[in-house]
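Report on the following structure.
Bear in mind that the values in this text are calculations on the coordinates, not laboratory data. Because the structure is a prediction, the values reported are computed rather than measured. As a convention, Cβ positions derive from the backbone with ideal geometry for all residues, glycine included, and neighbour counts pool all protein chains shown.
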Amino acid sequence: MNGLDSLYQQLILDHAKRPVGKRDFTPQAGNKTASHHEFNPSCGDEITLSIAVDDADMITEIAWQGDGCSISMASASALSQLVTEDGLSAQQALERIAAFREMLQSRGQIEPDEELLGDGVAFQGVSKFVMRVKCAMLAWVALEADLKKLGYTA
């Protein structure tokens, strides 16, 4: 294992141990909200991810509850951190979901954009393990479904 792989593995473990955004959802008045539950029957991972979006199409809150492997829980945490720290609009979130999906479907053949995906780049190695891709995508798919419920499409 090279140094970067080791760093990414540690980053995933840190997110799994101290997840960002794992809490009850308490939406702010006046914002549009959506919540979506995803379940991965192949391994039993599940997550319910909720968002609030304001009139300017900015995601003002993201929260999730779930149970599963360290990859799925860490991925939900990395996604929550990305949305929160970068202050994403609905459209920006959809662009990042697409970039994350492309990275995971590449089987390690594309170099991810760290500025675009933040800690999400740590999941690049997961793309080599088809059975783990669904684990890493779980929260991202839930966010995409939330945005679609609110009328946002890529």
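Computed over the chain, the per-residue total of -39500 (n - 2.57) for DSSP H runs of n ≥ 4 gives a 222 nm mean residue ellipticity of -15000 deg cm²/dmol, rounded to 500.
In nm, what is the difference between 0.36 nm times the number of residues separating residue 149 and residue 113 and their Cα-Cα distance? The partial results should precede the final answer.
Numbers: separation 36, 0.36 × 36 = 12.96 nm, distance 2.76 nm.
This chain segment gains 10.2 nm when fully extended.
Between the amide H of residue 61 and those of 52, distances stay under 5 Å, these residues lying 5 or more places away or on another chain, with hydrogens modeled in the peptide plane. Once the C-beta distance of residue 130 and residue 18 is scaled by a Förster radius of 35 Å, the resulting FRET efficiency is 0.80 to the nearest 0.05. Principal-axis analysis of the Cα atoms of the chain puts helix 3-17 at an angle of about 40° to the longest axis.
Straight-line cross-link partners of residue 32 among the aspartates and glutamates, defined as a Cα under 12 Å from its Cα and at least 8 positions apart when in the same chain: 54, 55, 57, 61, 146. Quick one: plug the Kirkwood hydrodynamic radius of segment 3-149 (C-alpha pairs) into Stokes-Einstein at 25 °C, 0.890 mPa s, and report D in µm²/s. D, rounded to a whole number, is 163 µm²/s. A straight Cα-to-Cα reach below 19 Å connects residue 22 with none of the lysines, residues fewer than 8 places away in its own chain not being considered.
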